[in-house]
1. Could you work out the relative contact order of the stretch 163-219, using alpha carbon pairs under 8 angstrom and six or more residues apart, expressed as a whole percent?
2. Multiplying the sequence separation of residue 192 and residue 212 by 0.36 nm and subtracting their Cα-Cα distance, what value in nm do you get?
3. Across every pair of different alpha-carbon atoms, what Kirkwood hydrodynamic radius in Å does the stretch 89-193 reach?
4. Roughly what would the spin-label model give for residue 221 and residue 23, points 7 Å off Cα along C-beta, in nm?
5. Which of the listed residues, 223, 104, 234, is farthest toward the dipole's positive end in the chain, when Lys, Arg count +1 and Asp, Glu count -1 at the beta-carbon?
6. Using alpha carbons only, what's the Rg to Rh ratio of the chain with Rh from Kirkwood?
7. Can you give the extra length, in nm with one decimal, that the chain gains between residue 118 and residue 229 once fully stretched, where that is 0.36 nm per residue apart less the Cα-Cα distance?
8. Hey, what's the chain come to in accessible area per residue, 1.4 Å probe, Å²?
Amino acid sequence: MPRILQFLQLNSTNAYAKEHAKELENGDVVCAEEQTAGRGRFNRKWISAQGGLYFSVLLKPNNTRHLPNLTQLMALCICQTVRELGAPAQLKWPNDVLVNNQKLSGILSEVVLEQNRFYALVIGVGINIRQADLSQVGQPAVSLEALNIHIRRQDMLARLLERFNARLPKALAEGFASFGEEYKALFPYIGRTVCITAGGGKTAGTVRDISSAGTLLLHTQQGLQEFSIGDMNA
């Protein structure tokens with residue numbers, strides 16, 4: 001049975017999970033009330049004050065074909081759970097959850113290597129639950145409390161883990177295809193003009209679709225381009 005390791009403060013739940021990957025079992029969760037060195041994608045600082053939900057899930061799957069899609073599955077589970085609580089949450093590719101164009105949740109997944117071979121995947125999650133002041137975040141952000149949704153962090157975590165773990169086996173076997181239609185139903189950017197920052201460059205275009213592999217298909221002046229990673233801004 002996966003364990004939940006609770007801490008008052010960590011530098012980063014991802015860092016702890018990576019450092020203790022050999023001691024942790026498949027599915028174990030590292031949770032902290034506060035992070036002193038939380039990180040987001042592209043090494044951005046993630047403000048992790050008390051009141052948010054910060055946790056990392058450690059996975060040691062035998063099938064590694066669809067690892068990138070597990071991050072997208074977690075984003076979908078967060079988005080669906082928040083919608084059940086009454087907030088009009090939406091997805092921003094690849095794994096952000098927004099409410100009214102304000103960031104509610106972000107995810108950072110990292111691979112643990114052993115002798116240059118895959119050993120484990122760490123999915124780190126930050127969700128704004130009760131923070132009163134998010135002005136230091138550096139982008140429009142919102143908490144559930146600000147949306148008049150009141151839920152304990154441990155209850156939110158329990159709901160998310162139940163949903164994610166129930167869908168994990170099929171996602172490991174089939175990848176994005178196992179939940180793609182649900183994901184796209186909560187992704188409002190198809191047909192809209194966006195800019196993708198990836199590989200040090202920026203590409204503007206119109207979102208055509210999300211492929212069965214979870215990649216973003218963008219119609220640009222150079223034709224149809226496919227992105228497996230990047231930062232999307234509308």
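1. Details: 58 pairs, mean separation 15.1, N = 57.
Result for the stretch 163-219 is 26 percent.
2. Length gained, residue 192 through residue 212: 5.3 nm.
3. Working: mean 1/r = 0.0629 Å⁻¹.
Over the stretch 89-193, the inverse of the mean reciprocal pair distance is 15.9 Å.
4. 5.5 nm
5. 223
6. 0.95
7. Numbers: separation 111, 0.36 × 111 = 39.96 nm, distance 1.93 nm.
Using 0.36 nm per residue and subtracting the Cα-Cα distance, I get 38.0 nm.
8. 49 Å²
The values are calculated or read from the model by the stated rules, or taken from the named source; none is laboratory data. Because the structure is predicted, anything quoted here is derived from the model rather than measured. Neighbour counts run over all protein chains shown; Cβ positions are idealised from the backbone, glycine included. The protein model used for the area step is the full one, side chains on, heavy atoms only, and it has no ligands, DNA or RNA in it. Shrake-Rupley method; radii C 1.70, N 1.55, O 1.52, S 1.80 Å.
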